[in-house]
1. Residues to consider are GLY298, GLY261, GLY278; find the one that is open to solvent by 20 Å² or more (accessible area, probe 1.4 Å) and at pLDDT below 95.
2. When the residues of the range 168-182 are filtered to those that are under 21 Å from LEU247 (Cβ atoms) and of a type in the set (Gly, Ala, Ser), which remaining residue is surrounded by the fewest Cβ atoms within 10 Å (Cβ to Cβ)?
3. Would it be correct to say that LEU240 is open to solvent by less than 30 Å² (accessible area, probe 1.4 Å) and under 21 Å from THR141 (Cα atoms)?
4. Do the conditions hold for ASP229, that is, is it open to solvent by 40 Å² or more (accessible area, probe 1.4 Å) and in contact with a strand residue (DSSP E or B) (Cβ under 8 Å, 6 or more places away or on another chain)?
5. Quick one: in the range 160-179, which of the residues that are over 11 Å from ALA200 (Cα atoms) and of a type in the set (Val, Ile, Thr) is nearest to the chain's Cα centre (by Cα)?
6. Out of the residues in the range 183-203 that are touching a residue at least 40 places away in the same chain (Cβ under 8 Å) and among the small types (Gly, Ala, Ser), state the one that is most open to solvent (accessible area, probe 1.4 Å).
7. Among the residues of the range 12-33, count how many are in contact with a strand residue (DSSP E or B) (Cβ under 8 Å, 6 or more places away or on another chain), within 17 Å of LEU236 (Cα to Cα) and at pLDDT 75 or above.
8. Would you be able to say whether some residue in the range 37-57 is closer than 29 Å to ASP187 by Cβ and loosely packed, with under 14 Cβ neighbours inside 10 Å?
Amino acid sequence: MLEGLPPHRPTHVLRLITDEPSARAMTELLGEMFDPMETAVAAFEVEETGAWRLEAYFSEEPDAEMIRELIRPVLGAQADEAVFETIDQQDWVRASLEGLKPVRAGRFLVHGGHDRHQVRGNDLAIEIEAALAFGTGHHGTTLGCLRALVDELKRRRPTHVLDVGTGTGILGFAAAKALRTPVIAGDLDPEAVTTARGNARLNGLGPYMRFYHAPGVRHALADRPRGFDVVFANILARPLKRLAPSLTAVVADDGVLILSGLIERDVPGVLSTYRHRGFHLARSGVIEGWATLVLRRGGAAPRPR
């Protein structure tokens, strides 16, 4: 499965059945042509037939004929088979959760309410109802960050954790579940913060989570120079570059910065930006084309694998 980060409030969707090479080419093309904050493209195999289904979500009504002409060089006459539909917000919520299976990273298990029976005794279970905010743990970026946290917990027990762009709150919840220490989490979308607060209560983590509504770390809870042992920023390449000065400023001397929301081709540019801020690549991973980077202050910078 290849996918982009869904816009918080999609209103229209393009759907098309095609073959794998065309689906991959379309994912690249549409991802390049449209603002990633307003549009998301997903392509995945239909198990029953072996064909691939392409879906593109838009926050505003797209120009259907313009898009058909844009994709015609890739698809030929098949571009005329693209279907454009409006989607109700509640339909989007239902669709975003429907059929999702529990996701595991070490002892962490992210699941919906319908899969509570799959939680084992030793699991650090996180129940998520996504509402209108992004993040169910099934996206490669979120899963990559969870795996990075699992690796970090093998090294030590951080005491101060910050989650920038928290979405539904999964990463902050995972840290709070494992460490039983207060976690700071913020988002520029007030709807996401409301959703994350609700999810925190659902998981019994209200006393451990402190939320803020602001871009980046521009809030008293987050703007603490060298104040955090672990900083998550699961957003997108462009804002990650823009936020590099402020994100690196709040990482403790021996702390880690866990970045995601990057497709593989974004990695060199993001690494270069953070090298100039004195950070090097400690570890990296790729899940379904999405990269997660673990950065530390100082030292040499090995090439990403």
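The values are calculated or read from the model by the stated rules, or taken from the named source; none is laboratory data. None of the values given here were measured: they were computed from a predicted structure. Cβ coordinates were reconstructed from backbone atoms using ideal geometry, including for glycine residues, and neighbour counts include every protein chain displayed. All accessible areas refer to the heavy atoms of the entire protein, side chains included, with ligands and DNA or RNA removed. Shrake-Rupley method; radii C 1.70, N 1.55, O 1.52, S 1.80 Å.
1. The match here is GLY298.
2. Only one residue tops the list, namely ALA176.
3. Judged against the criteria, LEU240 is a match.
4. Taking the combined requirement at face value, the residue does not satisfy it.
5. THR166
6. GLY198
7. So the count comes out to 2.
8. Looking for residues that are closer than 29 Å to ASP187 by Cβ and loosely packed, with under 14 Cβ neighbours inside 10 Å, one finds none in the range 37-57, hence no.
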